[in-house]
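**Student:** A single structure is presented below for examination.
The values are calculated or read from the model by the stated rules, or taken from the named source; none is laboratory data. This structure is a prediction, so every number in the text was calculated from the model and none was measured. Neighbour counts run over all protein chains shown; Cβ positions are idealised from the backbone, glycine included. These accessible areas exclude ligands, DNA and RNA; they are computed on the full protein's heavy atoms, side chains included. Shrake-Rupley method; radii C 1.70, N 1.55, O 1.52, S 1.80 Å.
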Amino acid sequence: MTTAHASLAIDDVIGRTDAVLAAPETALSRDADALAEELLGAAEAVLMRWLIAHGQVPTDGAIEGFPLLALHRQGARGDPSFNACRETCREIVYHRNLIRLEAAEPERARRVRLAAMVVRHLALFVGGKLETAGLGEFCCSSRPLRQSEYSETRTV
Amino acid sequence: MTGKYEKVAYYPGCALEGTGHAYNRSTKAVGEALGLEVVELKNWNCCGAMEVKNVDPKLQTYLSARNLSIAQDMGFDTVMAPCNGCYHNLKKAEYDLARDADSKEVNARLSSKAGHRTYEAGKVETIHALDWIKHSIGEEGIRERVRNSLSGLKVANYYGCMYTRPRHIFPEKDKGPGSESTAKPHFMDDILEAAGAENVEYPLKTACCGGAHALSDSDTSTKLVLNLLTTAEACGADVIATECPTCHTGLEMHQVRAEKVLGRKTKVKILYFTQLLGMALGLSPRKVGVHENFSDSRDLIREKGLA
């Protein structure tokens with residue numbers, strides 16, 4: 001992981017993004033580099049939660065230099081519906097890179113806020129999928145919804 | 001005008017006859033205003049939406065293939081589907097019928113049983129309403145036709161997750177300049193910018209809206225939609241432009257629900273891109289079905305001088 005956030009729960013991540021969004025611009029500009037890494041790490045923690053919940057050991061690999069993208073690919077293996085958050089993950093990496101490259105202060109703060117919003121969306125998406133795991137898959141391109149429930153009904 | 005998609009077969013799909021009727025109305029109105037002709041498929045059927053694939057993916061392929069065969073029978077080589085779900089399913093059927101022997105066999109068997117032509121891959125091209133306008137009229141053509149510029153209107157363009165996913169069923173995308181991007185789609189941005197709008201940078205343009213679970217898991221959908229709405233507002237948008245009836249309806253319904261259940265009021269408006277483009281072309285809000293939306297954007301439309 002980029003930073004030590006592996007233990008973060010989904011709600012912790014959402015809470016942290018809310019805190020970032022509420023922070024004053026001066027603080028966001030001043031701490032932009034550190035926040036960029038923290039948000040990237042928080043996104044990785046979200047995907048690790050998903051993998052662990054599915055009995056997998058999160059990869060320690062990276063794609064294009066980013067563990068987040070490797071974790072996403074691992075999460076989507078055999079589960080195409082997880083690709084609904086592929087671009088969200090890439091957007092997080094994109095904003096992290098822009099924050100690191102951006103020198104102008106107001107723009108750095110704005111970028112940090114955008115990154116926090118995208119990380120929050122990832123957390124909400126994965127959190128929603130985890131919550132509904134007992135009911136079936138979550139998203140539009142999913143495999144059968146409530147498959148087990150349906151099978152049970154048919155057996156009866 | 002390039003003439004490429006001047007006259008196409010039109011597959012509205014079920015949503016555009018129901019909650020997405022404003023999209024149907026505005027798509028047709030925009031086509032007419034632009035001098036483009038759409039001919040609705042005769043006796044079309046549901047594409048299977050998000051449900052039939054859960055029962056049998058090959059049945060879903062057949063349902064889409066039947067619509068493509070109707071287009072072929074009507075003498076068209078292009079069918080335009082404005083709904084992301086329909087567009088996705090028709091593209092997926094095209095992909096599967098070109099590569100999967102089982103899908104071909106099931107399609108042939110069911111087509112024979114139903115008594116119609118068996119659709120063969122490669123005969124009909126499926127395009128989205130965005131492709132239709134972008135490739136037939138283009139930005140320059142839109143600029144020439146704008147009578148009521150969207151100038152001063154800040155727009156967050158929201159494509160949803162079905163327009164570009166999975167990438168492999170859209171072989172025409174990601175082909176460099178002039179083609180659509182699956183990572184950062186821009187056709188809607190291009191079209192509305194040509195109509196005078198100011199596009200804001202919107203980092204969630206392909207993020208999930210929770211559409212399939214709008215009713216069965218409302219809380220998750222509401223939270224996802226609220227994040228889409230608040231992010232659009234934080235990006236300075238007056239309005240979210242949509243091109244998918246499921247996303248559009250979800251955004252509208254959960255905007256109301258977020259206020260009722262979570263106590264979070266958002267002011268950003270939600271309009272189909274065809275409604276915005278139509279008003280820019282001089283059509284009245286009523287002509288493009290603004291009164292059919294749940295999201296009441298009439299004040300904004302008056303304020304921006306579009307009414």
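**Student:** Counting only residues that are in contact (Cβ under 8 Å) with a residue 60 or more places away in the chain and among the β-branched types (Val, Ile, Thr), how many does the stretch B:252-279 have?
**Tutor:** Going through the stretch B:252-279, the residues in contact (Cβ under 8 Å) with a residue 60 or more places away in the chain turn out to be B:268, B:272-279.
Narrowing further to those that are among the β-branched types (Val, Ile, Thr): B:268, B:274.
Result for the stretch B:252-279: 2.
**Student:** The conditions are (1) at pLDDT 95 or above; (2) open to solvent by less than 10 Å² (accessible area, probe 1.4 Å), and residue B:160 fails exactly one of them. Which is it?
**Tutor:** Condition (1) is where residue B:160 drops out.
**Student:** So, of the residues in the stretch B:135-156 that are away from chain A (no Cβ under 14 Å) and part of a strand (DSSP E or B), which turns out to be surrounded by the most Cβ atoms within 10 Å (Cβ to Cβ)? Break it down stepwise before answering.
**Tutor:** The first filter runs over the stretch B:135-156 and keeps only residues away from chain A (no Cβ under 14 Å), leaving B:135-155.
Restricting the remaining residues to those that are part of a strand (DSSP E or B) gives B:154-155.
Details: B:154: 16, B:155: 27.
For the stretch B:135-156, the residue satisfying everything is B:155.
**Student:** So which of B:206, B:230 is more than 16 Å from the chain's Cα centre (by Cα) and either within 12 Å of chain A (Cβ to nearest Cβ) or in a loop (DSSP other than H, G, I, E, B) (or both)? Give the steps one after another, and end with the answer.
**Tutor:** Numbers: B:206 fails: more than 16 Å from the chain's Cα centre (by Cα).
Step by step, each of B:206, B:230 is checked, and only B:230 is more than 16 Å from the chain's Cα centre (by Cα) and either within 12 Å of chain A (Cβ to nearest Cβ) or in a loop (DSSP other than H, G, I, E, B) (or both).
**Student:** So residue A:87 fits all but one of (1) open to solvent by less than 10 Å² (accessible area, probe 1.4 Å); (2) at pLDDT below 95; what number is the exception?
**Tutor:** Condition not satisfied by residue A:87: (1).
**Student:** Here is a check on your reading of the model: is residue B:9 open to solvent by less than 40 Å² (accessible area, probe 1.4 Å), at positive phi, touching a helix residue (DSSP H, G or I) at 6+ places or on another chain (Cβ under 9 Å) and not in a helix (DSSP H, G or I)? It would help to see each step written out before you state the result.
**Tutor:** Working: open to solvent by less than 40 Å² (accessible area, probe 1.4 Å): yes; at positive phi: no; touching a helix residue (DSSP H, G or I) at 6+ places or on another chain (Cβ under 9 Å): yes; not in a helix (DSSP H, G or I): yes.
No; evaluated as a whole, the condition is false for this residue.
**Student:** Let me ask something else. Considering only residues of the stretch B:16-34 that are within 16 Å of the chain's Cα centre (by Cα) and open to solvent by 30 Å² or more (accessible area, probe 1.4 Å), which is nearest to residue B:145 (Cα to Cα)? Full working, then the answer.
**Tutor:** Our first condition is that a residue be within 16 Å of the chain's Cα centre (by Cα); within the stretch B:16-34, this holds for B:16-31.
Next, only the ones that are open to solvent by 30 Å² or more (accessible area, probe 1.4 Å) stay: B:17-19, B:21, B:25, B:28.
On the way: B:17: 28, B:18: 30, B:19: 29, B:21: 25, B:25: 20, B:28: 16 Å.
Going through the qualifying residues, I end up with B:28.
**Student:** If you don't mind, there's one more thing I want to ask. Take the stretch B:52-69 and flag every residue that is away from every other protein chain (no Cβ under 14 Å) and free of Cβ contacts under 8 Å to residues at least 40 places away in the same chain.
**Tutor:** B:63, B:64
**Student:** Those residues that are open to solvent by 20 Å² or more (accessible area, probe 1.4 Å) and farther than 29 Å from residue B:304 by Cα, I need them from the stretch B:183-213; list them, please.
**Tutor:** Within the stretch B:183-213, B:183, B:212 meet the criteria.
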